[in-house]
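Have a look at the structure below before the remarks.
The values are calculated or read from the model by the stated rules, or taken from the named source; none is laboratory data. None of these values were measured; they are calculated from a predicted model. Every residue, glycine among them, receives a Cβ derived from its backbone with ideal geometry; neighbour counts consider all protein chains shown. What goes into the accessible areas is simple: the full protein's heavy atoms, side chains included, and nothing from ligands, DNA or RNA. Shrake-Rupley method; radii C 1.70, N 1.55, O 1.52, S 1.80 Å.
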Amino acid sequence: MNSSGKAPRIGVFGGAFDPPHNAHVALAKAALTQLDLAELHVIPTGQAWHKSRTLTPKEDRLAMTRLAFADLKGGKVVIDSREVLRDGPTYTLDTLHELQKEQPGAQLVLIMGADQASALPSWHGWQAILGIAIVSVAYRALSTGGIARFDPNMLLNLPAGARFEALELPAMDTSATEIRRRAALGVDISSLVPPTVARYIDQHHLYRSA
């Protein structure tokens, strides 16, 4: 418990981060501002069971993640390498169990986009995840002026007691897929990723066509 008597809230923000980009950083900033977090664990995935493509080597993704979020640390942001160090497929449920054991008095807050939330029933142990963590769904403003919403009641077999909360994001049309495509073509990506990440991609010749 913290000084107010409430359980400290630990944010969990996972992803391939292939590469980490400005929208990822904006989401982390919004989470720290809006969700009353004691810590935010940013966790690059290891062997992603749900990805059809081969990810960039985990050492590169971890290094880029450390660079991307370096300015946010301030004692609250933890670049958590547990999944890239784990053998075998990476499951969010395993990570949540580990964090629960490490910080038994904390409330875990799993942060994801609306598209990921809609796909939750495809996740390994998704109902158990909802028993452990509050799911904070990031809603990004649309260019049309509206906001794409996710209704958890649309999920089939939603367990009783599942908890969801909203995280509001500014409109940002950024995707890792587009960044990789541009980098492969030699197109400038400096407006889409933090400067340190752009330099890393260039220096290590990532995403270049063979």
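A few notes on this one:
- Extending 7 Å from Cα along the Cβ direction at Lys6 and again at Arg199 yields two label points whose distance is 3.9 nm.
- When the trypsin sites (Lys or Arg not before Pro) in segment 169-210 are filtered for DSSP coil states and for at most 13 other beta-carbon atoms within 10 Å of their beta-carbon, the remaining sites are Arg208.
- Dipole of the chain computed with +1 at Lys/Arg Cβ and -1 at Asp/Glu Cβ about the Cα centre; of Val135, Thr174, Ser209, farthest Cα towards the positive end is Ser209.
- Computed from phi, the 3J(HN,Hα) profile of segment 103-108 under the Karplus parametrisation 6.51, -1.76, 1.60 (θ = phi - 60°) reads 9, x, x, 8, 9, 7 Hz, with x in place of Gly and Pro.
- Surrounding net charge for Val137, when Lys and Arg each add one and Asp and Glu each subtract one, Cβ distance under 15 Å: -1
- Relative to the current alpha-carbon distance between Ala160 and Asp94, full extension at 0.36 nm per residue lengthens the span by 21.6 nm.
- Cα-based radius of gyration of segment 1-126 once divided by 2.2 N^0.38 Å, which approximates compact folds: 1.04
- Estimated 222 nm signal from helices in the chain, with DSSP H stretches of n ≥ 4 weighted -39500 (n - 2.57), rounded to 500: -9500 deg cm²/dmol
- Computed over protein heavy atoms with a 1.4 Å probe, the carbon and sulfur contribution to the accessible area of the chain reaches 52%.
- Once the 1.4 Å probe is applied to the protein heavy atoms, the chain comes out at 51 Å² accessible per residue.
- GNM result for the chain, Cα springs below 10 Å: residue of Lys58, Lys29, Lys101 fluctuating most strongly: Lys101
- FRET E, pair Asp87, Glu178, Förster distance 25 Å, beta-carbon r, rounded to 0.05: 0.20
- The long axis of helix 22-34 is offset from the longest Cα principal axis of the chain by roughly 30 degrees.
- Cβ-defined net charge surrounding Gln107, 12 Å radius [Lys, Arg +1; Asp, Glu -1]: 0
- Bridge orientation summary for segment 36-179: considering DSSP beta bridges with both residues in this region, about 5 percent are antiparallel.
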